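Written out below as structure tokens is the structure these notes cover.
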Amino acid sequence: MGDQGDDASGAAGRDPRLDDGPLLDVVGLGVTFGGVHALDRVSLTVAPGRIVGLIGPNGAGKTTFIDAVCGFVPHRGTITFAGRRIDRLPSHRRARAGLARTWQTLELFDDLTVAENCLVAVAPGGWRAVLGDLVRPGRHHGDAAVAEALAAVGLGDRADARPDELSLGQRKLVGVARALAARPALVLLDEPAAGLDTDESRRFGAHLESLAAAGVAVLLVDHDMGLVLGSCEEVHVLDAGQVIAAGPPAEVRADPAVVAAYLGEGVGG
């Protein structure tokens, strides 16, 4: 990993969205697996309250980028969050500093309600505490945060539903809500629109814009180009672990290198 940085454990005690400069500043990020450079000198910034897209073909390194930023894989380079170096901190301390993420593979507890699945992320004691409340019902300090998170993704009326009562798209949105329940300053979304139909994707884009308006920064990884190009203020394109283009969506969409590597003539022309 990178050089020892400042301790970010105190970042959660203040609102990092009020700081000047970028909220997330990644410089020269590199990840190597068995001699293969999954990421090679990737740099990217996300400002407070902004939606930034990260796109590219399968295997380009998008999920690896999220894994590295959140502390799940060894990496090189520097990662600064809310003005503090976090690149040597373990994943749980990065989360406490205000980072949250979703996963491509969504694991929900089918015996818990949607709200209870989200509560797992914020309740002291995690899933054990939530399961304990099935025997000894109680109110958690995170109930309000969960309600806000579900409303933010349009699932406020599904709080008491079980996961098997939801569509695949709605289940994906539960994963987003679970990340938002921690009230992060930055949420990194790994293909949240997978399984959403066109109308659901459009509504989800509107929810993302509402989050940004409320001050939450978003890094969006997705193959839904309508969502990415329509919601993001800036888009970075990865190919074979390197950034091949970055800028406003219209410029990125027209970039010949991006068209050739990812979008194709029909989209990029």
Can you name every residue in the stretch 76-109 that is crowded, with 19+ Cβ neighbours inside 10 Å, under 28 Å from ALA193 (Cα atoms) and in contact with a strand residue (DSSP E or B) (Cβ under 8 Å, 6 or more places away or on another chain)? ILE79, THR80, PHE81, ARG94, ALA97, GLY98, LEU99, ALA100, ARG101, THR102
Within the stretch 232-241, identify whether any single residue is among the acidic types (Asp, Glu), within 23 Å of VAL31 (Cα to Cα) and out of contact with any His (no Cβ under 6 Å at 6 or more places or on another chain), and answer yes or no. yes
Of the residues VAL73, VAL69, which is crowded, with 23+ Cβ neighbours inside 10 Å, among the aliphatic types (A, V, I, L, M), in the same structural domain as ASP25 (by TED's automatic domain parsing) and within 22 Å of ASP222 (Cα to Cα)? VAL69
In the stretch 237-250, is there at least one residue being surrounded by 21 or more Cβ atoms within 10 Å (Cβ to Cβ) and within 15 Å of the chain's Cα centre (by Cα)? no
Pull up the stretch 1-60, narrow it to residues that are assigned to a loop (DSSP other than H, G, I, E, B) and acidic (Asp, Glu), then point me to the one that is modelled with the highest pLDDT. ASP20
List pairs: first residue in the stretch 148-163 and farther than 14 Å from LEU180 by Cβ, second residue surrounded by fewer than 16 Cβ atoms within 10 Å (Cβ to Cβ) anywhere in the structure, Cβ distance under 6 angstrom, at least six positions apart or on different chains. PRO163/ASP110
Condition met for ASP255 (surrounded by fewer than 23 Cβ atoms within 10 Å (Cβ to Cβ) and touching a Ser or Thr at 6+ places or on another chain (Cβ under 9 Å)): no
When only residues in the stretch 170-214 that are in contact (Cβ under 8 Å) with a residue 40 or more places away in the chain and farther than 21 Å from VAL114 by Cα count, which is surrounded by the fewest Cβ atoms within 10 Å (Cβ to Cβ)? ALA213
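The values are calculated or read from the model by the stated rules, or taken from the named source; none is laboratory data. Keep in mind it's a predicted model, so treat the numbers as computed, not measured. Cβ: placed from backbone, ideal geometry, glycine included. Neighbour counts: every protein chain shown.
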